[in-house]
Amino acid sequence: YVGMLMDIGVTHQLDMTAVEIDFFGSPTRFTAGPAQIALLTGAAIVVGVGYVDQNARVSVELADPIYARPSGDRKRDLQVVMQQVGRQLEQFIRAKPEQWYMFRPMWDNGYHA
C-alpha cells in the first residue's frame with residue numbers, strides 16, 4: 001500500500017509532472033503522481049478526505065477505487081485518471097464545502113475558493 005498527500009492546484013512546482021483538468025468548471029493543474037504510480041503498477045487510486053465532524057472528531061471518507069487503464073497514450077492517460085480524481089474531490093467538497101479552503105491561488109485567473 002502507498003499513501004500520498006496530493007497537492008492540488010499546482011502552479012509553481014517546476015520539477016513535478018502536472019496535468020490540466022477541469023475542476024469546478026475551470027481549468028487547473030493537478031500533480032500527475034498518483035496516476036503515474038497507478039499506470040506503472042496497476043494499483044488502484046482511492047481518494048479520501050478528512051474532516052471535522054459534528055462531534056469535533058476527525059472523520060475520514062473514501063471514494064470508490066479508480067483503476068487506471070493504459071491506452072498507449074501516456075499523456076492522455078495521466079490526464080484522464082487525474083480528471084477522475086478531480087471529480088471525486090469535487091463530490092467531497094460539494095458535500096462539505098465549509099471543510100475546504102485553498103491557501104493559495106488554484107486557478108490561473110487568480111480565483112480563490
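Computed quantities for the displayed model
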| read-out | value |
| --- | --- |
| Segment 48-56 - phi-based ³J(HN,Hα) in whole Hz, Karplus 6.51/-1.76/1.60, Gly and Pro as x | x, 9, x, 8, 8, 7, 5, 9, 6 |
| Pairwise FRET efficiency - Arg76 versus Thr17, Cβ, R0 = 22 Å, nearest 0.05 | 0.95 |
| Accessible surface of segment 15-69 [probe 1.4 Å, protein heavy atoms]: carbon and sulfur percent | 51 percent |
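The values are calculated or read from the model by the stated rules, or taken from the named source; none is laboratory data. If you're wondering where the values come from, they're calculated on a predicted model, not measured in any experiment. When we count neighbours, we look across all protein chains shown, and the Cβ atoms used for this are built from the backbone with ideal geometry, even at glycine. Just the protein is used for accessible areas: all its heavy atoms, side chains included, with ligands, DNA and RNA removed. Shrake-Rupley method; radii C 1.70, N 1.55, O 1.52, S 1.80 Å.
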